[in-house]
Each structure stands twice: as C-alpha cells, then as structure tokens.
Amino acid sequence: MNLIHRLEILKLESELVYKMPPNAMLNEIIENQSIESKKIVDLLKKQNSILIKQANYDTLTNMPNRRNINRKLESLTNPDFGKYHALIMIDIDHFKWVNDGMGHAYGDMCLGKIANILLEAMNQVKGFVGRYGGEEFICIVENVDIDLIYHIAEQLRINVEGSNIPYTYGEKQFKVTISIGYTVILDYINASIKEYIEIADNALYQAKSAGRNCVRMASLDCPHA
C-alpha cells in the first residue's frame, strides 16, 4: 500500500471516528491517527523534495543539471548598462581516454574533482555552474565587464590544469585539461538563449580545433571568429 492510499484510508477512518460519541478510547484513536497522518505527510514531503532534487540536479556532481541550467538562462534579464552576461561552455579534453585508460569509476572521480574546481571558482565571482551533460559544463557570470570574461575563463582552465589530475592511456601519461568556449550576452532581442548556447558551443569547437586546453570566444556578430 502506498503512502497516499494509506493517508486516504486514515482520513476516512478519522471521519467515521469523529461521528462517534466521545470517550477516552476514541480520543486515543484520534490522537494515534493524527500522529500517523503527520508521519505520512512528512514522508511524502521528503520524497517530493528528493524527486525535485533528482529532476534539477546531477546525481554524480550534485550540480544543477541541464534543465536547471536552462531555467537559469531563462530567468536572466538584460545586463546592466555597460555590462555583459558571460556564457562559458567547458568540455573535458579526451575524456574518453580517461574512461578507457583508467575505468569509468576514475572518470566519475575526475568529473567530481573538476566540478568542485569550477564551483569554487564560480563562488569567487558570484557565478553559476552546472553540468550540461557528459563531460560538459556551463558557467554563467552576470553583469561583468567584458574585459574580465576572458580572464575568468582562462583562470578556470588554469585551475583545472594546475590540479594535476593524472591518467594513463595507451601506455602514455597525461593530465586532465579542459577546453573552453564562451560568448557574451548583451540582450535577448537579437538572439535567443538557444542561439547564445550555439555560439558558445561554436567557440568551444574552435578551442578543440586549436589543439585543446585553451580558451576561445565567439560573438553574435562573429559566431565563428
């Protein structure tokens, strides 16, 4: 019997009991039913909280997931005058090598470490970071000077490279690095959220094509710059 069904039965029992003449035994029954009902309601609330978290957060990293990232982007308003929002897309370089060479458990550990590095960096600039899927992450920094955006992205790259997460593939030793592509959001008049994500993804592709472990920028005017 599920909790909701049990709660409905308790409600019907309570209605019948309240119609009976009052006495000590009935009062005790009512009190017990009230306590059991409260326990069931508390359990339902707890289960609901778990379901909400599972729907909005990545279970491996405890970061916001793609749905949560999209909700964050949709909640953004145009930046303050003279400022920009930064949309930064990050991909772990050669992550298949990490999994193939070290095993998926090591790959998961690697994802967790990088997630923590990105989260710490975003906390310092009051930014937002989530796992977009697989080995991809997205960072959002609101109302920032355009000259600072590259430095923020480059610092993310440096922090991951400097963490010296090692792995072996094909009998060769490597350390985990990331590639980064970013764009700046000035308004939502000339482009949609989906288009800004595509532009950042184009910049990420450029970083991969340039040899990985680097930062590239693309803009609405020059999406393939």
Region 102-143, residues that are in a strand (DSSP E or B) and touching a strand residue (DSSP E or B) at 6+ places or on another chain (Cβ under 6 Å): F128, V129, G130, R131, Y132, E136, F137, I138, C139, I140, V141, E142
Within region 166-205, tally of residues that are loosely packed, with under 15 Cβ neighbours inside 10 Å and more than 19 Å from C139 (Cβ to Cβ): 11
Residue match in region 169-182 (condition: modelled with pLDDT under 95 and in contact with a strand residue (DSSP E or B) (Cβ under 7 Å, 6 or more places away or on another chain)): no
Within region 145-225, strands (runs of 3 or more DSSP E) holding 1 or more residues that are under 22 Å from R66 (Cβ atoms), in the same structural domain as G103 (by TED's automatic domain parsing) and in contact (Cβ under 8 Å) with a residue 40 or more places away in the chain: 178-185
Neighbours by Cβ (under 7 Å, 6+ apart or cross-chain): first from region 108-135, basic (K, R); second part of a strand (DSSP E or B) and modelled with pLDDT of 95 or more: R131/F137
Test set (1) among the basic types (K, R); (2) closer than 14 Å to I90 by Cβ; (3) loosely packed, with under 13 Cβ neighbours inside 10 Å - R131 fails condition number: (3)
Single unsatisfied condition, C139 versus (1) surrounded by fewer than 15 Cβ atoms within 10 Å (Cβ to Cβ); (2) under 22 Å from the mean Cα position of the chain (by Cα): (1)
Given (1) buried (at least 21 other Cβ atoms within 10 Å of the Cβ); (2) under 23 Å from E120 (Cβ atoms), index of the condition E154 fails: (1)
Condition broken by V215, with the remaining ones in (1) in contact with a Pro (Cβ under 9 Å, 6 or more places away or on another chain); (2) crowded, with 19+ Cβ neighbours inside 10 Å; (3) among the aliphatic types (A, V, I, L, M) satisfied: (1)
Subset of region 78-100 (residues that are more than 22 Å from K208 (Cβ to Cβ) and within 20 Å of the chain's Cα centre (by Cα)): H85
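The values are calculated or read from the model by the stated rules, or taken from the named source; none is laboratory data. These numbers come from a predicted model, not from an experiment. When we count neighbours, we look across all protein chains shown, and the Cβ atoms used for this are built from the backbone with ideal geometry, even at glycine.
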